[in-house]
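To start, the structure itself, in structure tokens.
The values are calculated or read from the model by the stated rules, or taken from the named source; none is laboratory data. Just so we're clear, the structure is a prediction, and the values are computed from it rather than from any experiment. Every residue, glycine as well, gets a Cβ built from its backbone with ideal geometry; the counts of neighbours run over all protein chains shown. Protein only, heavy atoms only, side chains kept; ligands, DNA and RNA dropped before computing areas. Shrake-Rupley method; radii C 1.70, N 1.55, O 1.52, S 1.80 Å.
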Amino acid sequence: MVLPMYIFGQPVLRKVASEINPNEYPGLQELIQNMFETNRKADGVGLAGPQVGLSIRLFIVDLDVISDDKPEFKGFLHAFINPQILESSEEMCDFEEGCLSVPGIHENVKRPKSIHVKYTDENLVEHDEWIDGFLARVFQHEYDHLDGKLFVDHLSAFRKQLVKKKLVAMAKGKFSASYKCKENH
Ligand code: NI
């Protein structure tokens, strides 16, 4: 089932989300499948709980969609439950980001190149590993959502000023997206 996307201006996107007990969370597998479906329909590479209105520490990443360009990601569809970032590399890199909750804005964001993470996957297996490259980038973007942060928060004062008008309009419901969205106010 495709879930409605929560767009910039929705308070849930600014909340610090809560951890869940994956053994007890009702309908967890169905929710994960719905998030994969919602993300795929919107042409995304990742989707976090707050983006579908759920203030829980869970996100999904689908890198299978870019496996034509990057064959190492063939079949990469994973959930990250209660993720943590334990360490970050000093080396940083720039990458142009967008977000399904912030339609129509794409900006360069500087983030650590590799990160040491812990999380529980969709099979409830715990992981403790270093990740880098595109996965590290998506992980950090989605992780931010769980702390109520959005990629536009990372922009310089100058770039923030340039996108401000669009964000104000978006919060009032003036935006266009090709996927189903929860109505803003
Ligand atoms: Ni996002």
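Condition check: within 11 Å of the ligand (Cβ to nearest atom) and either within 12 Å of Pro83 (Cα to Cα) or crowded, with 17+ Cβ neighbours inside 10 Å (or both). Does Leu150 satisfy that? It is true that Leu150 is within 11 Å of the ligand (Cβ to nearest atom) and either within 12 Å of Pro83 (Cα to Cα) or crowded, with 17+ Cβ neighbours inside 10 Å (or both). Remark: Val2 matches the filter, which requires a residue to be farther than 17 Å from His145 by Cβ, assigned to a loop (DSSP other than H, G, I, E, B) and at pLDDT 95 or above.
On the stretch given as segment 20-49, residues that are closer than 26 Å to Gly104 by Cα and open to solvent by less than 70 Å² (accessible area, probe 1.4 Å) total 13. The set of residues in segment 68-127 that are part of a loop (DSSP other than H, G, I, E, B), among the hydroxyl-bearing types (Ser, Thr, Tyr) and touching a Ser or Thr at 6+ places or on another chain (Cβ under 7 Å) contains only Ser89.
Quick one: in segment 50-104, which of the residues that are aromatic (Phe, Trp, Tyr) and within 25 Å of Ile7 (Cβ to Cβ) is nearest to the ligand (Cβ to nearest atom)?
Taking segment 50-104 and keeping what is aromatic (Phe, Trp, Tyr), we get 59, 73, 76, 80, 95.
Add one more test, that the residue is within 25 Å of Ile7 (Cβ to Cβ), and what stays is 59, 80, 95.
Details: Phe59: 9, Phe80: 14, Phe95: 13 Å.
Among them, the one singled out is Phe59.
Whenever a residue of segment 157-170 is of a type in the set (Gly, Ala, Ser), its partners that are surrounded by 11 or more Cβ atoms within 10 Å (Cβ to Cβ), lying with C-beta atoms within less than 9 angstrom and at least six residues away or across chains, give the pairs Ala169/Phe175.
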